[in-house]
1. Given labels modelled 7 Å from the Cα in the Cβ direction, how far is it in nm from Q148 to R79?
2. Taking H placed 1.01 Å from N in the peptide plane, check which residues at least 5 places from Y136 or on another chain put their amide H under 5 Å from its amide H.
3. To the nearest 0.05, how large is the calculated FRET efficiency for K93 and Q21 if R₀ is 25 Å and r is the Cβ-Cβ distance?
4. Which of A30, G152, A99 sits farthest toward the positive end of the charge dipole of region 21-183, with +1 on the Cβ of Lys and Arg and -1 on the Cβ of Asp and Glu?
5. So what J values fall out for region 34-51 if you push phi through Karplus, 6.51 cos²θ - 1.76 cosθ + 1.60 with θ = phi - 60°, rounded to Hz, Gly and Pro as x?
6. Starting from 0.36 nm per residue, how many nanometres of slack lie between L100 and A51 once their C-alpha separation is accounted for?
7. Given the Cα-Cα distance of A128 and L67 and 0.36 nm per residue of separation, how much length would full extension add, in nm?
8. Working out 0.36 nm times the residue gap between K31 and A58, then minus their Cα-Cα distance, what length gain in nm do you get to one decimal?
Amino acid sequence: MIKQLTFVAAVFVMSAPAFAQVDYKVLATAKTSTMEKEMNEAGAAGYKFVAVMGGETAIGGKEVVVLMQTGGDVTGKFRYKLLATNRTGTMQKEMSAAALDGYDYVGQTVFESLFGGEEVVSIVERGAAAESEYVYKLVATAKTSTLQKELGEIGRDGFQALGMTVGKTALGGNELVVIARKKK
C-alpha cells in the first residue's frame, strides 16, 4: 500500500503544471524622449511592452506610465519607438516608415507636453523580424458618426482597429484617433 501511495504522489508531483516566473518593470515620465530611452534599455534587457496609460498619477503629476515584463513566454530583445505628433498625417507617415523598418504597433496614449499641448503617441516594437507583416491606417475625426463611416470603409478593406485615443491635434482640435492594421 505504501508503494502505491508513493507512486501516486510521484506522478502527481511530476504532472503539476509548471510556470515561469515573470518580472515587471514600471516606467513613468512626462517626456516622450525619456520614455523611449527607458523602454529601449528595458527591451535590451529582455523586457517586452505590456500596457501604457497617460494621465495624472498621485505623485508624478501628468505623466505616462508603461508596464513591461520579462519571463513567462517573453523571450528575446526588443526595440521601441515612440511616434509622437499632433498632426495625423505625420503619424500615418511615421507608422508606415516604422513598419518598413520591422516595427509593429503595440499601444497608444496621449502625452501632455510641458507647454500644455497634447500629442498622440503610438508605441511600436521591433523583435527579431526584419520587416513588419502589416500595413497601418490611421483614422482621425472629431465626430463619432464620421468615425463610424471611416471605420466601416477601412474595415471592408480588411483593416482591424488596434487602439483609440482622444487627442488634441494641430488642425482638428479634439479628435478621436484610431490606429488599424491588416496583413500585407
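Each value in this text was obtained by applying a stated rule to the coordinates, not by laboratory testing. Computed from a predicted model, the values in this text were never measured in an experiment. Cβ coordinates were reconstructed from backbone atoms using ideal geometry, including for glycine residues, and neighbour counts include every protein chain displayed.
1. 4.3 nm
2. Excluding prolines and chain starts, which carry no amide H, there are no hits.
3. Details: r = 41 Å, r/R0 = 1.63.
Using R0 = 25 Å, I get an efficiency of 0.05.
4. The one lying farthest along the dipole's positive direction is G152.
5. The phi angles translate into 5, 5, 4, 4, 5, 5, 5, 5, 5, x, 5, 8, x, 8, 10, 4, 10, 7 Hz.
6. Using 0.36 nm per residue and subtracting the Cα-Cα distance, I get 15.3 nm.
7. Details: separation 61, 0.36 × 61 = 21.96 nm, distance 2.08 nm.
Difference between extended and current length: 19.9 nm.
8. Here the segment from K31 to A58 would lengthen by 8.0 nm.
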